[in-house]
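All remarks here apply to the structure that follows.
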Amino acid sequence: MKVVKNYLYNISYNILTLVLPLITGPYVSRRLGATGVGINSYTYSIINWFVLCGSIGIAYYGNRQIAYVKENKYALTQNFVELQILKSIFILLSYSIFIIYICINKNYIYYLLIQSIYIIAAGLDISWLYMGLENFKITVIRNTLVKVSSVILILILVKDKSDTGIYISIMAIGTLLGNLTLWPSLTKVLLKINWHDLHPFRHLRGSISLFIPLAAVQLYVGLNKTMLGALDSTNASGFYDKADSLVKLVLTLVTSLAGVLMPYTAKSVASGDMKKVKNVLYLAFDFSSFVAFPIAFGIAGISIKFGPFFYGKEFKEVGIALFIESIVMVFMSWSSITGNQYLVPTNQVKPYTVSIFIGAFVNIILNVPLILNFGVKGAVVSTVLAELAVSFYQIWYIRKEVDIKIMFNNTLKYFVSSLIMFIIVFILNSKLEMNILTLIFEISIGCFIYLCLIFILKPTIINYINDFIVTTVNKIKSIKREKSENNSCEL
């Protein structure tokens with residue numbers, strides 16, 4: 001039940017991160033225009049390289065490391081302090097290199113300086129500690145307050161293209177404050193420690209081993225925006241960013257499960273219960289496919305008209321890019337399970353790293369010719385093929401450790417149901433004028449069709465959902481019964 005509770009916390013927060021951009025996205029794109037959105041996207045893609053290098057994989061490594069030692073509070077404290085010292089050193093080094101960079105390259109220096117707040121925020125990010133402790137409640141509640149406050153400030157202060165700097169400031173400072181709010185609770189988690197016991201650099205090899213695949217991911221995620229800004233225009237970088245952001249925001253509904261299960265799986269690995277690890281993998285992979293296929297095909301069905309409707313007439317290319325990129329949700333949902341929820345917790349970092357480098361290689365090789373010839377559409381195609389390569393390699397690698405047939409047992413049913421749903425929604429979308437009512441109608445029809453087909457085809461996930469509902473209802477009844485009996489005793 002703890003895993004389910006954490007998943008609900010995590011997905012509720014991710015739903016919030018999905019809903020808030022749906023409020024601010026259309027507002028910001030219309031206020032800042034393609035130019036302002038492009039500048040933000042391009043400068044953030046640059047600053048993200050410095051954030052990545054400063055963080056050196058601590059988020060993944062720390063999450064796993066804390067999960068390993070969570071039962072020993074002194075060891076937990078020792079690991080946390082060591083990792084935070086290590087990250088602080090690299091954050092300072094990264095910021096120093098950033099200062100050198102802006103002294104050499106003076107393009108967009110004003111916006112880059114504001115964006116550099118993200119580097120400082122990364123140094124203060126300790127969410128990995130609470131994830132390793134499987135305490136998702138604290139990060140969800142505090143970050144929710146910060147994000148809602150940021151949205152209010154954006155709606156009040158951002159009025160036109162001249163407010164691009166204000167928008168970047170609100171987003172960056174919001175991230176910084178969100179990370180700061182996690183620190184006061186450390187007094188409830190950590191013990192006093194002997195500073196002579198600290199050896200931060202013993203974690204360097206492990207964190208760098210996870211930093212390498214993260215850097216490779218950045219090569220084919222962040223590099224697309226940077227290359228579009230350099231080879232095409234900052235506007236093109238903005239179009240790609242908007243399409244990619246929508247895909248990634250919706251994808252969080254699926255990948256939330258991997259983030260919650262990672263410490264749980266690491267704990268099972270530490271106790272030697274590999275049977276439980278594999279069973280969780282099968283269920284998680286099946287659930288991801290169950291959710292990812294209809295979301296991907298549903299977005300593809302409404303994408304062409306949705307892009308310009310949502311962001312404004314200047315963002316017509318976003319709809320086309322969204323149509324192409326939507327399928328990436330399936331591949332990324334698979335790799336989030338096989339990679340982050342299986343390979344990393346089971347200490348198989350090398351094949352995980354190889355898979356990411358394969359994706360980066362595919363993306364880099366295809367990026368230049370495709371961007372030069374097709375612009376945003378070319379960058380999106382590169383992204384899709386790169387993610388396909390990553391998921392294919394990971395699944396191929398674990399084929400001897402797990403039963404692939406069980407993992408893909410229901411995939412065809414999800415695919416067929418989603419494809420039929422897509423055809424109907426796409427036809428409706430092409431015939432109807434896009435407005436809020438027709439959008440709700442198309443989404444509702446899509447959900448209804450998919451669920452009806454799922455109940456007809458009967459994949460095994462239905463049994464798990466039924467069992468979960470029955471268990472939850474029985475537990476609620478039991479709690480009510482206990483309260484009633486206690487009240488009777490008091491009387």
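Every number here is computed from the coordinates shown, using simple stated rules; none is lab data. Just so it is clear, the structure is predicted and the values come from calculations on it, not from any experiment. Neighbour counts are summed over all protein chains in view; Cβ atoms, including those assigned to glycine, are modelled from backbone coordinates with ideal geometry.
Computed quantities for the displayed model
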quantity	calculated
Sorted peptide list for 417-429, 156-168, criterion being average Cβ within 10 angstrom, highest first	417-429, 156-168
Contact order relative to length of segment 2-409, as percent, for alpha carbon pairs under 8 angstrom and 6 or more apart	22
Rounded to the nearest 20 debye, dipole of segment 2-409 from Cβ charges on Lys, Arg, Asp, Glu	600
Relative packing of peptides 301-308, 331-338 - highest average C-beta neighbours within 10 Å first	331-338, 301-308
Segment 2-409: equivalent-ellipsoid semi-axes (sqrt of 5 x gyration tensor eigenvalues, Cα, Å)	32, 26, 20
Peptides ranked, highest mean first, by Cβ atoms within 10 Å: ranges 62-73, 373-384	373-384, 62-73
24 Å Cα-Cα threshold exceeded, pairs from K87/K225; K248/K316; K161/K248; K87/K192; K147/K192	K87/K225; K161/K248; K147/K192
Gained length - R202 relative to I440, 0.36 nm times residue gap less alpha-carbon distance	80.3 nm
Mean Cα-pair separation over length for segment 297-432, i.e. relative contact order, pairs under 8 Å, 6 or more apart, %	32
Label point distance in nm, K400-N72, each placed 7 Å from Cα along Cα→Cβ	3.3
Listed pairs K137/K275; K276/K405; K242/K413 exceeding 27 Å between Cα atoms	K137/K275; K242/K413
